[in-house]
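Below you'll find the structure, written out as structure tokens, and then a few comments.
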Amino acid sequence: MKIGNKLMKIPVIQGGMGIGVSAGRLSGSVAACGGAGTISAVGIGYRQVDHFKAFLESNLRAMEEEFQKARNLSQDGIVGFNIMTVITDYVTYVKKAVSLKADFIVSGAGLPLELPKFVKGTDTQAVPIVSSGKAAKIILKTWKKKWEYIPQLIIIEGPEAGGHLGFKASYFEKEEKESLKDLLDSVRAAVAPFQEQVKEKIQLVVAGGIVTPEDVKAALDLGADGVQMGTRFIATEECDADPRYKQKYVEATDEDVMIIQSPVGLPGRALKNPFTVEGAKGRIRCRNCLTPCNPSTTIYCIADALERAVRGDVDGGLLFTGSQVGKIHSMKSVKEIFQEIEAVL
């Protein structure tokens, strides 16, 4: 598998996780091991002293600092950004990533229809995240018509993923759900007419519920070109979060996982704790970080909730997780995870 002109030694993309869960250290370590490291742009400047006074500026500054950290760790490894379409000042973040010469920009939580406008002609690849063949078709059709741009790869995120999900809340009440294979086949069918127009293969990467080396192999055996993994990389020595945050993922069982309704209007998957079970309390400090949020009506500030958690407040914050977190039993190094994956491929 390749991104741009760089070949991946192991076809694993580390998923972007905010706020501050996947920053320079984690993404750089993944890239150094032959995968692709992803820095989450949302709220990335939360450790900057002027974060509330200069929200955008502090985030842009932190993007540069964390990207340089990842580059230093990985040398010529593959490092990019995850920039959600719903982030306020989306275009500004995208332009910053391109100016830093990021290898790729992953964009989801909506349809990133304008993304090629800013990356075409650069070394930065536009990578959409989709949860259906329908979404893939809309993106590909728009990108081809408006920008003459067809992506090098597409990430297909299934319903077992963590964080914000591209499915309606009612979907998770159904007894029978689409499998990752169903989604892969659906997107492959949507991609087929566009594949005929380019020489290079449009690579399909599956995500959601992939934790163990065996999960990776099973996904590749389905015909995927690669996988995206998020939750497994939280319980690593190199993850940028507080040790108390990381330990919760080692201790968690399948019964500790729940579906929540996020203030941004999307369902999400998170660990059960007093915050998610009992609900948020207190005044909201709005940073205007996500466009769907209305501070006068929102039940809580998701940025504050995620930040509290990543700083170590594991009872009063929000801890996003994939559905298969129960498969994680120990803290490992990123290198160990890649060695274990390589052993089964």
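Values in this text are rule-based calculations from the coordinates and carry no lab data. Keep in mind the model is a prediction, meaning the values are calculated, not measured. Reconstructed Cβ throughout: ideal geometry from the backbone, glycine too, with neighbour counts over all protein chains shown.
With the dipole of the chain worked out from charges on the C-beta (+1 for Lys and Arg, -1 for Asp and Glu) around the Cα centre, which of PHE167, LEU7, PHE52 lies farthest toward the positive end?
Farthest towards the positive end: PHE52.
Can you order the peptides 183-190, 142-149 by their average number of other Cβ atoms within 10 Å per residue, highest first?
183-190, 142-149
Of [x] 130, 43, 43; [y] 55, 41, 40; [z] 67, 50, 37, which one was derived for Cα extents along the principal axes in Å from the structure shown?
Identified label for the calculated read-out: [y].
Can you compute the helix-only [θ] at 222 nm over the chain? Use -39500 (n - 2.57) per DSSP H run of at least 4 residues, normalise by all residues, nearest 500 deg cm²/dmol.
-9500 deg cm²/dmol
What do you get for GluC sites (Glu not before Pro) in the stretch 195-228 restricted to DSSP loop and a cutoff of at most 14 other Cβ within 10 Å of the site's Cβ?
When the GluC sites (Glu not before Pro) of the stretch 195-228 are filtered for loop state and at most 14 Cβ neighbours within 10 Å, GLU196, GLU200 remain.
State to the nearest 20 debye the size of the charge dipole of the chain about its Cα centre, where the only charges are +1 on K and R beta carbons and -1 on D and E beta carbons.
Here the chain has a charge dipole of around 1040 debye.
Need the full-extension length gain, GLU196 to LEU7, defined as separation in residues times 0.36 nm minus the C-alpha distance. One decimal, nm.
Going from the current span to full extension adds 65.8 nm.
Please tell me which of these pairs span more than 31 angstrom C-alpha to C-alpha: LYS101/LYS199; LYS137/LYS246; LYS9/LYS146; LYS144/LYS181?
LYS137/LYS246; LYS9/LYS146
Above 19 Å lies some portion of the pair distances; for the stretch 135-226, what is it as a whole percent of all C-alpha pairs?
Taking all Cα-Cα pairs of the stretch 135-226, the fraction more than 19 Å apart is 45 percent.
Got a sec? Charge dipole of the chain, +1 on Cβ for Lys and Arg, -1 for Asp and Glu; which of ALA41, TRP147, SER333 is way out at the positive end?
About the Cα centre, the residue reaching furthest to the positive side is TRP147.
If the cut-off is 19 Å between C-alpha atoms, which aspartates and glutamates fall inside it for LYS141, apart from same-chain ones fewer than 8 positions away?
Straight-distance partners of LYS141: GLU114, ASP185, GLU196, GLU200.
Under the classification rounded if a/c is under 1.5, otherwise prolate if a/b is larger than b/c and oblate if not, where does the stretch 103-188 fall, given a ≥ b ≥ c as square roots of the Cα gyration tensor eigenvalues?
prolate
Between the DSSP loop rule and a limit of at most 12 other Cβ atoms within 10 Å, which trypsin sites (Lys or Arg not before Pro) in the stretch 32-116 are left?
Listed in order of number, the matching sites are LYS53, LYS101.
Report the calculated FRET efficiency for GLU176 and THR122 (r = Cβ-Cβ distance, R0 = 56 Å), to the nearest 0.05.
0.85
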